[in-house]
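Chemist: Below: one structure in structure tokens.
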Amino acid sequence: MEAATVQEGLFDRALKRLLGAWAAVAGGAEDEADIAAQMRACLEAKGGEVSARGRSAQLAQAYRKADADGRTAFLRTLAGFDADPAAVQAACAAFAAATDSGERAMALAQLRRAAAAPRVRLLTQFTSIPEGVKFLVDLRADLMARAKDDPLLAALDEDLRGLLAAWFDVGFLELRRIDWNSPAALLEKLVGYEAVHEIRGWRDLKNRLDADRRCYAFFHPAMAGEPLIFVEVALVRGLADNVRALLDEKAPVIDPAGADTAIFYSISNCQRGLSGISFGNFLIKQVVDRLSRDLPNLKTFATLSPIPGFRRWLEERLAAGDELLSPEESAALAEALAEAEEEGAEQVSPLARLLSRRQWHREPALVEAAKAPLLRLCARYLLTESDRRGKARDPVAHFHLSNGARAERLNWLADASDKGLRESLGLMVNYLYDRDTIEANHELYAGEGKRAASSALKRLARG
């Protein structure tokens with residue numbers, strides 16, 4: 001069973017059901033009228049609530065049925081319902097002319113009303129139709145793909161993101177466990193949404209939901225059957241150091257009461273339209289609390305995480321001409337490479353030659369020569385390399401460090417899949433969630449950019 005096929009079939013069925021529901025709300029009317037005219041009619045609210053729902057359903061139908069160009073035109077038309085510049089200028093002038101705090105407060109309230117774009121009311125009206133919130137989440141996913149080079153659509157995206165951020169505040173979310181007895185439609189979605197380690201079939205999924213596994217997701221009342229984000233957890237003894245071992249369908253199932261460690265090995269965001277609205281930090285902390293309560297024998301909470309930017313960073317540094325290896329490391333790697341290479345290959349740096357070999361991890365001499373320098377360079381990448389904000393350059397590292405975790409241990413060839421080798425040369429890292437230090441670690445990272453790490457990892461980074 002291919003994940004993409006499952007997802008496509010599931011979402012096709014959902015779309016047909018939705019279009020039928022919207023047609024019923026719209027009274028079966030065909031979408032032949034001018035989109036802008038329909039939007040104006042929605043804003044004028046003629047005919048009461050039932051008519052407003054019908055017009056919103058017609059618009060949603062029109063959008064769902066449109067091709068790529070038609071959707072862009074729809075979104076640009078929607079974005080065109082902006083605030084009246086003259087009204088905004090007048091409100092600004094009134095605020096500037098205010099002479100006391102009372103006048104300023106009133107003028108500011110009027111300015112806010114004048115600056116409120118009518119398109120925000122149009123967006124809000126979609127929530128009145130069946131699964132209208134899900135429609136808006138999907139609409140934003142389309143919008144984000146088009147807004148990068150279009151200021152008008154970027155402004156619409158900012159309005160919609162603000163609405164969704166308010167509606168999807170963590171206080172409205174419900175944490176639910178997903179297990180093998182969950183509805184089949186939800187299990188299908190789990191397969192389709194898994195973004196870290198592909199679920200290869202029903203046996204694989206059943207293994208991930210077995211007695212020594214846990215899966216938790218956040219749900220919103222307006223999207224009850226749609227997970228927003230989910231985390232997969234393995235209950236084990238000690239820190240896990242290889243993801244293939246965790247996912248091995250033939251491995252014996254252990255008694256959860258005998259486990260002392262919970263390993264978070266996959267976190268997947270499910271709704272692209274909610275990008276920029278963070279749930280992951282709340283999810284992990286709530287799952288830690290739930291597991292601590294349900295399984296008091298658990299003493300350690302950690303991840304086995306990918307390092308998706310490591311190889312790209314290495315290639316950038318090599319392209320810039322940086323000397324990443326010591327003379328001794330370079331010589332050892334060159335010697336290990338020599339037997340399998342054609343004449344003249346030595347003109348390229350040993351590390352670049354290693355990266356060009358797809359099956360290097362199957363050659364014992366290369367594995368031995370590459371292990372120490374790659375572990376050192378990966379520790380340097382995680383603990384010292386920064387983005388433009390001064391935070392960890394690796395996105396997964398930034399996520400866990402900002403949540404208050406500590407970078408604990410690097411694991412050599414922990415993910416030798418094609419994806420693992422392509423992104424991180426097979427390395428993975430454990431981030432430790434120590435409940436006594438989470439808040440302090442978070443404050444240090446958020447305020448000063450300091451990255452919590454074990455002593456061993458710090459020494460490795462210093463090399």
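Chemist: Quick one: compute a quarter of the convex hull surface over the Cα atoms of the stretch 337-450 and quote it in nm². Write out the running numbers ahead of the final one.
Modeler: Values: hull surface 32.8 nm².
Here the figure is 8.2 nm², rounded to one decimal.
Chemist: Taking just the alpha-carbon atoms of the stretch 354-406, what radius of gyration and Dmax come out, in angstrom?
Modeler: For the stretch 354-406, the Cα-based Rg and Dmax read 14.5, 40 Å.
Chemist: Given +1 on the Cβ of Lys and Arg, -1 on the Cβ of Asp and Glu, and no further charges, what dipole in debye does the chain carry about its Cα centre, rounded to the nearest 20?
Modeler: On the way: 62 positive and 67 negative charges, 215 e Å.
With Lys and Arg at +1 and Asp and Glu at -1, about 1040 debye.
Chemist: To the nearest 500 deg cm²/dmol, what mean residue ellipticity at 222 nm is calculated for the chain from DSSP H runs of n ≥ 4 alone, each contributing -39,500 (n - 2.57), summed and divided by the residues?
Modeler: On the way: 21 runs with 251 residues, N = 463.
Roughly -17000 deg cm²/dmol at 222 nm, from the helical runs in the chain.
Chemist: Okay, moving on. Once you order the gyration tensor axes a ≥ b ≥ c over the Cα atoms, which shape class does the stretch 75-233 get: rounded for a/c under 1.5, otherwise prolate or oblate by comparing a/b with b/c? List each step's numbers first, then the result.
Modeler: Values: a/c = 3.47, a/b = 2.50, b/c = 1.39.
Taking the square roots of the gyration eigenvalues as a ≥ b ≥ c, the stretch 75-233 is prolate.
Chemist: Suppose we look only past 17 Å in the calculated P(r) of the stretch 96-156. What percent of the Cα-Cα pairs does that tail hold? All intermediate terms of the calculation are to be shown ahead of the outcome.
Modeler: Values: 1076 of 1830 pairs.
Here the long-distance tail beyond 17 Å is 59 percent of all Cα pairs in the stretch 96-156.
Chemist: Which lysines have a Cα lying under 29 Å from the Cα of residue 371, excluding residues fewer than 8 positions away in the same chain?
Modeler: Cross-link targets: 250, 391, 419, 450, 458.
Chemist: Next question. Looking at the square roots a ≥ b ≥ c of the eigenvalues of the Cα gyration tensor of the stretch 262-308, which shape do they give, rounded for a/c under 1.5, prolate if a/b is larger than b/c, or oblate? Intermediate values should be presented prior to the final figure.
Modeler: Details: a/c = 3.32, a/b = 1.69, b/c = 1.96.
Because a/c hits 1.5 or more and a/b fails to exceed b/c, the stretch 262-308 counts as oblate.
Chemist: Separate question: Where a Cα-Cα gap under 18 Å defines reach, which lysines qualify for residue 65, not counting those fewer than 8 residues away within the same chain?
Modeler: Cα-Cα hits under 18 Å: 16, 134.
Chemist: Restricting the calculation to Cα positions, tell me the Rg (one decimal) and the Dmax (whole number) of the stretch 130-180 in Å.
Modeler: 13.9, 46
Chemist: Next question. Using only the Cα atoms of the stretch 155-231, what semi-axes does the equivalent ellipsoid have when each is the square root of 5 times a gyration tensor eigenvalue? Give whole Å, largest first. If you can, show how the numbers build up before the last one.
Modeler: Working: eigenvalues 154, 38, 20 Å².
The three semi-axes for the stretch 155-231 are 28, 14, 10 Å.
Chemist: May I ask you to give the percent of accessible area on the stretch 223-355 that is carbon plus sulfur, with a probe radius of 1.4 Å?
Modeler: Numbers: 2920 of 6020 Å².
Here carbon and sulfur together make up 48 percent of the probe-accessible area.
Chemist: Same structure, new question: Under the Kirkwood approximation for Rh and a Cα-based Rg, what ratio Rg/Rh is obtained for the stretch 29-120? Could you put the intermediate results ahead of the total?
Modeler: Values: Rg = 17.7 Å, Rh = 15.3 Å.
Ratio of gyration radius to Kirkwood radius: 1.15.
Chemist: If the viscosity is 1.567 mPa s and the temperature 4 °C, what translational diffusion coefficient in µm²/s does Stokes-Einstein give for the stretch 207-315 when Rh comes from Kirkwood over Cα pairs?
Modeler: 85 µm²/s
Chemist: So, one more: Between (i) 26.6, 84; (ii) 20.6, 59; (iii) 21.8, 68, which entry matches Rg and Dmax of the Cα atoms in Å as derived from the coordinates of this structure?
Modeler: (i)
Chemist: How much length would be gained if the chain were fully extended between residue 46 and residue 180, taking 0.36 nm per residue of separation minus their Cα-Cα distance, in nm to one decimal? Write down the numbers at each step before the final one.
Modeler: On the way: separation 134, 0.36 × 134 = 48.24 nm, distance 4.85 nm.
Length gained, residue 46 through residue 180: 43.4 nm.
Chemist: Skip the ligands, DNA and RNA, and give the accessible area per residue of the chain with a 1.4 Å probe, whole Å².
Modeler: Values: 22250 Å² over 463 residues.
That works out to 48 Å² for each residue.
The values are calculated or read from the model by the stated rules, or taken from the named source; none is laboratory data. None of the values given here were measured: they were computed from a predicted structure. Here Cβ is always computed from backbone atoms with ideal geometry, including for glycine, and neighbour counts include all displayed protein chains. Accessible surface areas use protein heavy atoms only, side chains included; no ligands, DNA or RNA. Shrake-Rupley method; radii C 1.70, N 1.55, O 1.52, S 1.80 Å.
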